[in-house]
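The values are calculated or read from the model by the stated rules, or taken from the named source; none is laboratory data. Computed from a predicted structure; not experimentally measured. Note that we place each Cβ from the backbone using ideal geometry, even for glycine, and neighbour counts take in every protein chain shown. Ligands, DNA and RNA are stripped out before the accessible areas are found, and what is left, the full protein with its side chains, is counted by its heavy atoms. Shrake-Rupley method; radii C 1.70, N 1.55, O 1.52, S 1.80 Å.
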Amino acid sequence: MKIFLDTADIDEIKIAARWGILDGVTTNPTLYSKVGGASYDSILQEICKLTPGPVSAEVVAEDVDGMLEEGRHFAKLAPNIVVKVPMSEEGLEAMSRFAEEGIKTNCTLIFTANQGLLAAKAGASLISPFVGRLDDINQDGMIVIRELAEIFAIHEIESEVLAASIRNPLHMTQAALAGAHIATLPFKVLQQMVHHPLTDKGIVQFRSDWDSARKALAEKKGD
Ligand code: E4P
């Protein structure tokens, strides 16, 4: 299963890349607004240098021509750019046109299996159901992940299910068990996955016992 980082923060991406677990990055206008300081284009280009994996760049236009214009522009920034397009009637048309042009797309704002199926039919290579936003309105977001993973397997659809809007480590485990091909995680959730109180306590204890043993040996030699 692939792990993407859901951020536009270069420092976070550098850390995850150093850990050797980074398979790609997703960004969106909200994540870009949190970092600012440079153009979206230049941030995307920097991210694309940090990972050879897919880097999602989201269009904001709501009409087909506008989406095509923004997407073609993003696709020229780096070879690993994937154009993120929202689910809508216009979005489907734009994704179908991008597919004809050989530009990869990630269909975002997916909340039902039917939306995901349509996006895959239109040619999107990544399908992003939003788990956390469904949980927020008292619906089980993981059901969409499970349904789409099953539908794609039954019908041998090549698009990948990308679990998005992940809010906690449990979401990650559940997405993996539900058959998601990819999960995109905020950096905080990635850090939470690394740690466990017993792991952290165990590291301190081993170090302390090691130091005690060495001290005891040194004292014995000094006798
Ligand atoms: C990623 O592709 C999505 O844009 C992102 O996961 C949305 O997350 P949120 O619901 O926490 O904003």
Spatially proximal lysines relative to K215 (Cα-Cα < 22 Å; intrachain offsets below 8 disregarded): K201
Loop GluC sites (Glu not before Pro), the range 54-159 (other Cβ atoms within 10 Å of the site Cβ: 16 or fewer; DSSP): E62, E156, E158
Hz values of 3J(HN,Hα) by residue in the range 77-86 - Karplus curve (6.51, -1.76, 1.60), Gly and Pro given as x: 5, 6, x, 9, 6, 10, 7, 8, 10, x
Fraction of accessible area attributable to carbon and sulfur, the range 57-124 (%, probe 1.4 Å): 51
Ellipsoid equivalent to the chain - semi-axes via the Cα gyration tensor, in Å: 40, 21, 14
Where the chain is the region considered: accessible area per residue in Å², 1.4 Å probe: 54
Relative contact order computed over the range 134-219 (Cα-Cα under 8 Å; 6+ residues apart), in percent: 24
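Could you check how much of the accessible area of the range 142-223 is carbon and sulfur, as a whole percent, using a 1.4 Å probe? If you can, show how the numbers build up before the last one.
Values: 3250 of 5490 Å².
Carbon with sulfur: 59 percent of the solvent-accessible area.
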Whole-number percent relative contact order across the chain, with pairs defined as alpha carbons under 8 Å at least 6 apart: 16
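When the dipole is taken about the Cα centre of the chain, and only Lys, Arg (+1) and Asp, Glu (-1) are charged at their Cβ, what size is it in debye, to the nearest 20?
Values: 21 positive and 31 negative charges, 254 e Å.
Computed charge dipole of the chain: roughly 1220 debye.
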Of K14/K34; K121/K188; K2/K188, those spanning more than 26 Å from alpha-carbon to alpha-carbon: K121/K188
C-alpha center-to-center spacing [the range 180-223, the range 105-172] in angstrom: 36
For G24, residues with placed amide H under 5 Å, excluding near neighbours: L5
